[in-house]
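To keep things clear, I will list the structure first and then write my remarks on it.
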Amino acid sequence: MDLQKKLEILSGAAKYDASCSSSGSSRKNVNGGLGNNQSSGICHSWSDDGRCISLLKILLTNICTYNCVYCVNRATNDIPRASFTPEEIVDLTINFYRRNYIEGLFLSSAIIRNPDYTMELMLKTVRKLRIEHKFNGYIHLKAIPGTDSALIAEAGQYVDRMSVNIELPSNDSLKLLAPQKKKESIIKPMGFINSKILESNEVGRFYKKPKKLFVPGGQSTQLIVGATPDHDFNILKLTQGLYRRFQLKRVYYSAYVPVLSHPNLPAVARPPLQREHRLYQADWLLRFYGFKAEELLDDNHVNFSSDIDPKSDWAIRNIHLFPIEINTADYELLIRVPGIGVLSARRIINARKMCSLGYEHLKKIGVVLKRARHFITCRGKYYGEIGMNELLIRNFLTDKPVNLQEQNSDWQQLSIFSHIADSNILENNSLLLS
Amino acid sequence: MKYIYDGSFEGYLTAIYEAYYRRETPERILPDTNLQESLFEENIRIETNSSKASRVANSINEKISPTSLENVYYTFLSELDESDVWIFQYIKLGFKVGKNIDSYLSDDRVLKIMKINRKVTREIHRMLGLIRFRQLEGNIFYAPIEPDFNIITLIAPHFQKRFADQNWVIHDIKRNLAVLFDCINMVLAPLTPDFAIELSKKETDYQHLWIQYFKSIAIKNRINPKLQKQFMPHRYWKYLIEK
């Protein structure tokens, strides 16, 4: 089989892995070799589905002994099979890198023969790249669940990021769709990698000798969304746990794409992209905005709405905390306002040292006033127009207010002036203005 | 009154120097390229003087801040119309308020510079990813570019570190400028695109492999050309192998 065909099969099989980030590692070109990492990560292209291409994302092989129901590469699936040799992968990586197509390599694999055998082949490839070819680009390696920890420990010295994919967000789902995988075999390598990372950081802190890198870009994982009945609250709690317990750098969500049909799999017409998007929004809220999963969802409210983003939804449910004054509120509170992000909050803090900020300044700074104005005051003045009314604000901020109408035929499409007739709201408004 | 300089950054800084010491406020500070002379306007020609320029650079560095000097340089390289005016006003304000100038985001003079800066920085970051080298006969890697802003000197150091063991040329076709690197020295030189390039034997093989990869990595059920264009605007496609 020629290289072109192999690449077609083995990159096609790797495409459902969402992770393509090349960030978090600043491996330097110290040996006069090839490559130098930029810790921010660099995207080199965007494929036709709009996802970024940063790494050469391939499987070593798609010949698999496992038979996980959701997976394209399951043993009983009738598809063309191929394997790369380590030399072929090295040659592709280096030549793509020299032409500035990629930041490095993302190497995953199906389980050929057994986990240890697979991991050894992968290890051989990265060793070749790093030692023989002095390659300092980014390497993301999948840790194969069930591999001997000595192999993982060795691989960790060469690569920038490692990941173990959880894929199915609960034990029940695992039993249903991947009966050969055990929760423990997934969690164990994660814990092991994390302890090695912590260990190498400690060494760096206490000794003056240059610290030995161990997975400097941290670990990540992936969860499939929509293949099982798990709801958003479960998924988000799992995510939160992973960030806290294993200090993961990223949790990726992958909208389930129906590649196979099986009685245990749901019939999905289109991948649930909107749900995936909401989970990413919530994920950002956990990592950068100081939110907890329990604040965003609870047992009565287990899924995100498709019409409104999680942050706006939270703010409306907690309307009693608002409005806040832009010129005095703390950073922690500012970033909780819908329409104010980390960057614009920092800019506000910076700019208000010099002079008090008015409404017109906020727009220039980059605040999304369409959302933010309902939750803030500038120099004591409120600009929300419709008052602190939960329902009205909700209707203003939903992406498709028409949906409300469909659900509830008593509702009218709101025009800007229709609420003026409502005396209740007028009262609210006058209260605020006085 | 307009100041005319030779188009270099040093020339621009010399013009700032002259404006301060002659106590003048020029309406515009323009490069002598594509200049439309008008009979009724008073144009003053500024002779570039590197010691005057470095005095201005040093005092921006010390009296305002190193970041401000960088802001000024980036805005200068944006080559945007009227950027000469914005920089002049920004420097003037900077000498008045000092090192905290970039906190005055509510002031248009600062905000404008910040916005231009963000644009330039964004293009630098994009270019680091979107440049494509082609291997030529004689083992030189050649990358043509046509960036919006004059950023070739800002992206070259990245590739010097990254491709330290490789001969390469980055060629700004729009501005007839090139950075050349031979594993030891890196130089900036004028270069007109009037030569034929000869690809190395293996080059087309790798290009085909890359195109194959680009195709097979996309998920068919999620095709989204609008999103793709948002991240990778059409104007950058010209020199991409995969598009």
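Phi-derived couplings, Karplus 6.51 cos²θ - 1.76 cosθ + 1.60 at θ = phi - 60°, listed residue by residue for region B:219-234: 8, 4, 6, 10, 3, 8, x, 5, 5, 4, 5, 4, 7, 10, x, 3 Hz, with x used for Gly and Pro.
About the Cα centre of the protein assembly as shown, how large is the charge dipole given +1 on each Lys and Arg Cβ and -1 on each Asp and Glu Cβ? Please answer in debye to the nearest 20. Please list the in-between numbers first.
Details: 90 positive and 74 negative charges, 311 e Å.
Here the protein assembly as shown has a charge dipole of around 1500 debye.
Can you put B:168, B:86 in order of Cβ neighbours within 10 angstrom, beginning with the fewest? Spell out each step's value before the answer.
Numbers: B:168 24, B:86 20.
Ascending number of Cβ neighbours within 10 Å: B:86, B:168.
Applying a DSSP loop filter and a limit of 14 other Cβ atoms within 10 Å to the trypsin sites (Lys or Arg not before Pro) in region B:175-229 leaves B:201, B:202.
For a modelled paramagnetic label at residue B:235, 7 Å from Cα along Cα-to-Cβ, the residues of region B:155-180 in reach, with backbone nitrogen under 20 Å, are B:155-156, B:171-178.
Note on B:172, B:148, A:330: ascending count of other Cβ atoms within 10 Å places them as A:330, B:148, B:172, the fewest first. Among the residues of B:105-115, the average count of other protein chain beta-carbon atoms within 10 Å of the residue beta-carbon is 4.
In nm, what is the difference between 0.36 nm times the number of residues separating residue B:33 and residue B:99 and their Cα-Cα distance?
20.4 nm
On a per residue basis, the convex hull of the C-alpha atoms belonging to region A:74-135 measures out at 96 Å³. Other residues with beta-carbon under 11 Å from the beta-carbon of residue A:293 carry, at +1 per Lys or Arg and -1 per Asp or Glu, a net charge of -2.
Looking at region B:181-218, the chymotrypsin sites (Phe, Trp or Tyr not before Pro) that sit in a DSSP loop and have at most 16 other Cβ atoms within 10 Å of their own Cβ are B:195. Split chain A at each of the trypsin sites (Lys or Arg not before Pro) in a DSSP loop with at most 14 other beta carbon atoms within 10 Å, and the longest piece is A:114-207. Residue farthest toward the positive end of the dipole of region B:131-239, with Cβ of Lys/Arg at +1 and Asp/Glu at -1: which of B:228, B:207, B:155? Sorting the options by dipole projection puts first B:228.
Which GluC sites (Glu not before Pro) in region B:14-92 pass both tests, a DSSP loop state and at most 14 other beta-carbon atoms within 10 Å? Spell out each step's value before the answer.
Details: sites: B:18, B:24, B:27, B:37, B:41, B:42, B:47, B:62, B:70, B:79, B:82; in loops: B:24, B:27, B:37, B:41, B:42, B:47, B:79, B:82.
The qualifying sites are B:24, B:27, B:37, B:41, B:42, B:47, B:82.
Arrange A:374, A:262, A:320, B:158 by Cβ neighbour counts within 10 Å, fewest through most, would you?
Values: A:374 29, A:262 11, A:320 7, B:158 17.
Fewest-to-most ranking of A:374, A:262, A:320, B:158: A:320, A:262, B:158, A:374.
Taking amide hydrogens as placed 1.01 Å from N in the peptide plane, the amide H of residue B:167 sits under 5 Å from those of B:141, each at least 5 positions away in sequence or on another chain.
Sort all Cα-Cα distances of the protein assembly as shown into consecutive 10 angstrom bins from zero, then give the percent of pairs in each bin up to the one containing the longest distance. Final binned percentages: 3, 12, 20, 22, 20, 14, 7, 2, 0.
Any read-out appearing in this document is the output of simple, stated calculations on the displayed coordinates, not a laboratory observation. Keep in mind that this is a model prediction, so the values were computed, not measured. Because the Cβ atoms are built from the backbone with ideal geometry, glycine has one as well, and the counts that use them run over all protein chains shown.
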